[in-house]
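This report concerns only the one structure given below.
The values are calculated or read from the model by the stated rules, or taken from the named source; none is laboratory data. Keep in mind it's a predicted model, so treat the numbers as computed, not measured. All Cβ positions, glycine included, derive from the backbone under ideal geometry; neighbour counts span all protein chains shown. Ligands, DNA and RNA are excluded from the accessible area calculation, which covers all protein heavy atoms including side chains. Shrake-Rupley method; radii C 1.70, N 1.55, O 1.52, S 1.80 Å.
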Amino acid sequence: MRTSYCGDLRADHAGQEVTLCGWAAHSRDHGGVVFIDLRDREGIAQVVFHPDQAPEAHGVASDLKLESVVRVVGEVRPRPEGTVNPALPTGEVEVAAREIEVLAVAETPPFQVEDDVEADERLRLRSRYLDIRRPEMTQRLRLRHRAFSAIRRYMDEHGFVEVETPMLTRSTPEGARDFLVPSRLQPGTFYALPQSPQIFKQILMVAGLDRYYQIVRCFRDEDLRADRQPDFTQLDLEMSFVEMDEVLDVTERLFQFVW
């Protein structure tokens with residue numbers, strides 16, 4: 001059976017048997033019936049373990065440590081009247097578990113894996129995999145992905161060719177200091193990490209690729225600023241045989257498309 005995402009379950013899935021994989025976010029014991037909030041990248045689904053209907057699964061769920069990774073098989077059904085949670089996209093349904101398999105037992109996390117976390121940033125960075133697991137952080141990465149996907153769709157529709165340029169190059173006379181990488185094969189010599197792909201853009205234009213772009217990493221050995229760190233990503237593009245207004249038009253419509 002294909003694994004479903006927790007956050008995709010809706011009322012029209014009632015009666016279907018599903019397999020869910022994710023992290024045990026919360027656990028509640030209501031008079032012997034155990035409820036687990038199972039979380040994956042798409043959201044949360046409530047899973048119910050009844051001692052009479054699935055005693056073995058109920059026993060496992062009763063001792064489950066939070067943030068453990070589990071696989072659950074069960075039937076989607078409407079939540080009982082009065083228990084619908086309108087704050088959740090999946091709040092109209094729950095999964096009555098038939099089986100549960102613990103794929104990985106978690107240690108007690110150093111902070112709560114949820115959006116309203118008050119943990120110190122240094123602690124979060126030491127356990128970055130837990131910090132990224134929080135829905136807010138996951139959504140930020142997915143937003144970045146969607147923005148990049150939109151840029152690539154727009155550029156393709158407007159005749160641009162995406163070309164990847166080298167990361168190890170010679171130093172260029174630009175404003176910031178270069179990061180240097182020593183060469184093992186040629187002792188005493190160094191590569192520079194590019195501040196921007198300027199030389200390569202010029203080569204591509206002369207070579208005949210009249211519309212080029214790249215979503216590229218840039219490296220600058222300079223002091224930190226509010227909007228700059230040592231390595232960052234920028235959209236780089238070049239156009240031949242155009243006037244300034246044409247460049248402005250393309251980039252303005254790009255931003256409209258992305259937004």
- Pairs under 9 Å by beta carbon, first residue in contact (Cβ under 8 Å) with a residue 60 or more places away in the chain in segment 247-259, partner among the β-branched types (Val, Ile, Thr), six or more apart or different chains? VAL250/VAL242; LEU254/ILE151; PHE257/ILE151; VAL258/ILE151
- Within segment 222-259, how many residues are open to solvent by 80 Å² or more (accessible area, probe 1.4 Å), among the charged types (D, E, K, R) and within 23 Å of the chain's Cα centre (by Cα)? 1
- Exactly one condition in (1) within 21 Å of GLY15 (Cα to Cα); (2) basic (Lys, Arg); (3) part of a loop (DSSP other than H, G, I, E, B) is not met by LYS65; state its number. (1)
- Where THR165 falls short, out of the listed (1) under 30 Å from GLU252 (Cβ atoms); (2) open to solvent by 70 Å² or more (accessible area, probe 1.4 Å): (2)
- Flag if GLU81 is closer than 19 Å to GLU56 by Cα, more than 26 Å from the chain's Cα centre (by Cα), of a type outside the set (A, V, I, L, M, F, W, C) and open to solvent by 60 Å² or more (accessible area, probe 1.4 Å): no
- Item | Criterion: at pLDDT 95 or above and either assigned to a helix (DSSP H, G or I) or surrounded by 14 or more Cβ atoms within 10 Å (Cβ to Cβ) (or both) - qualifying residue of VAL117, VAL102 | VAL102
- How many residues does segment 21-34 contain that are surrounded by fewer than 16 Cβ atoms within 10 Å (Cβ to Cβ) and under 19 Å from GLU75 (Cα atoms)? 1
- Message: Report every pair of residues separated by at least 6 positions or lying on different chains whose Cβ atoms are under 6 Å apart, first residue within segment 64-80 and within 15 Å of ILE100 (Cβ to Cβ), second among the polar types (S, T, N, Q) and open to solvent by less than 30 Å² (accessible area, probe 1.4 Å).
- Response: VAL73/THR19
- What do you reckon, is ALA97 of a type in the set (Gly, Ala, Ser) and either open to solvent by 60 Å² or more (accessible area, probe 1.4 Å) or more than 21 Å from HIS13 (Cβ to Cβ) (or both)? no
- Does TYR129 satisfy the criteria of being among the aromatic types (Phe, Trp, Tyr) and either without any contact (Cβ under 8 Å) to a residue 60 or more places away in the chain or exposed (fewer than 15 other Cβ atoms within 10 Å of the Cβ) (or both)? yes
- Considering (1) at pLDDT 95 or above; (2) surrounded by 15 or more Cβ atoms within 10 Å (Cβ to Cβ), say which one ARG152 fails and leave the rest. (2)
- Message: Please verify whether PRO173 is modelled with pLDDT of 95 or more and either small (Gly, Ala, Ser) or surrounded by fewer than 12 Cβ atoms within 10 Å (Cβ to Cβ) (or both), treating the condition exactly as stated.
- Response: no
- Out of all the residues in segment 35-62, which are open to solvent by less than 30 Å² (accessible area, probe 1.4 Å) and either within 19 Å of ALA87 (Cβ to Cβ) or part of a strand (DSSP E or B) (or both)? ILE36, ASP37, LEU38, ARG39, ASP40, GLY43, ALA45, GLN46, VAL47, VAL48, PHE49
- Message: Going by what's in this entry, would THR90 be described as β-branched (Val, Ile, Thr), in a loop (DSSP other than H, G, I, E, B) and in contact with a strand residue (DSSP E or B) (Cβ under 7 Å, 6 or more places away or on another chain)?
- Response: yes
- Task: Considering only residues that are in a strand (DSSP E or B) and loosely packed, with under 15 Cβ neighbours inside 10 Å, look in segment 1-18 and name the one that is modelled with the highest pLDDT.
- Result: GLU17
- Message: Which residue is nearest to GLU174 (Cα to Cα), if the candidates are limited to segment 186-210 and must be open to solvent by 40 Å² or more (accessible area, probe 1.4 Å) and among the hydroxyl-bearing types (Ser, Thr, Tyr)?
- Response: TYR191
